[in-house]
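Data block below; observations after.
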Amino acid sequence: MKWMRHPVWAMLAMASYAVPGPAFAEPARRAEIATGLPASVFMAEMTWPEVAKALRQGKRAVIIPTGGLEQGGPHLVTGKHNYIVRRTAEAVPRSLGNALVAPVVVYVPEGPIDPPQGHIAFPGTVSLLAPVFPAVLEYIARSFKAHGFTKILLLGDSGGNQRSQQAVADKLYQDWAGTDARVLHV
């Protein structure tokens, strides 16, 4: 075969047949193989069959973290809220063992764009229109309910996100009255 003329490709091809699997896996992956549970609590790092398996095993809670991209002064990265909320969201299922974490919602209202006001006046900031953010959260929550999650937690790091998250939780609490699904703003 033509590609076998290149020693690196040949070594990779041979190695892929030689590695016997779990014995050479990373420690987290070995634990996952041994327990049958995914090593990660982050849905974005799981396959859909792993998420389905977690649901079958009783993981019915999902945390939807919200952050933002905004300036915080010349000394802070614009994604600081995303880093903080991701770490905070990870702590819950790691300690309680009954939840998964959705990807961080990184785009939130940061101020009017035209003309630029608030955080949007600083380069690197990304803003959504105020009505778009709660609509995005609502349909993320509805998606998780459709898959069988019954406890949906909205967790925000930025103060500006809190009112919208509470409004979404209140709306879905009313919409889902009489079902076993609940949305909480924490």
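The values are calculated or read from the model by the stated rules, or taken from the named source; none is laboratory data. If you're wondering where the values come from, they're calculated on a predicted model, not measured in any experiment. Glycine gets a Cβ as well: all are built from the backbone with ideal geometry, and neighbour counts include every protein chain shown.
Tabulated data
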| item | result |
| --- | --- |
| Matching option when the condition is under 15 Å from the mean Cα position of the chain (by Cα), within 30 Å of Pro123 (Cβ to Cβ), at pLDDT 95 or above and not small (Gly, Ala, Ser), among Val62, Val51, Val105 | Val105 |
| Single unsatisfied condition, Ile113 versus (1) out of contact with any Ser or Thr (no Cβ under 7 Å at 6 or more places or on another chain); (2) of a type in the set (A, V, I, L, M, F, W, C); (3) at pLDDT below 95 | (1) |
| Within segment 98-115, tally of residues that are among the small types (Gly, Ala, Ser) and without any contact (Cβ under 8 Å) to a residue 24 or more places away in the chain | 1 |
| Test for Pro20: is it at pLDDT 55 or above, assigned to a loop (DSSP other than H, G, I, E, B) and loosely packed, with under 11 Cβ neighbours inside 10 Å | no |
| Test set (1) in contact with a helix residue (DSSP H, G or I) (Cβ under 9 Å, 6 or more places away or on another chain); (2) modelled with pLDDT of 95 or more - Leu128 fails condition number | (2) |
| Residue list for segment 58-87, restricted to those being in contact with an Asp or Glu (Cβ under 7 Å, 6 or more places away or on another chain) and charged (D, E, K, R) | Glu70 |
| Boolean, Leu154 is at pLDDT 90 or above, under 19 Å from the mean Cα position of the chain (by Cα), crowded, with 18+ Cβ neighbours inside 10 Å and in a strand (DSSP E or B) | yes |
| Test: Gln57 is of a type outside the set (Phe, Trp, Tyr), surrounded by 14 or more Cβ atoms within 10 Å (Cβ to Cβ) and farther than 21 Å from Leu184 by Cβ | no |
| Subset of segment 124-139 (residues that are touching a residue at least 12 places away in the same chain (Cβ under 8 Å) and out of contact with any Pro (no Cβ under 9 Å at 6 or more places or on another chain)) | Gly124, Val126, Pro134, Val136, Leu137, Glu138 |
| Per-region count, segment 159-186, residues crowded, with 20+ Cβ neighbours inside 10 Å and in contact (Cβ under 8 Å) with a residue 40 or more places away in the chain | 4 |
| Segment 103-151 - residue that is outside any helix (DSSP H, G or I) and either touching a His at 6+ places or on another chain (Cβ under 6 Å) or of a type in the set (S, T, N, Q) (or both) and, of those, surrounded by the most Cβ atoms within 10 Å (Cβ to Cβ) | Glu110 |
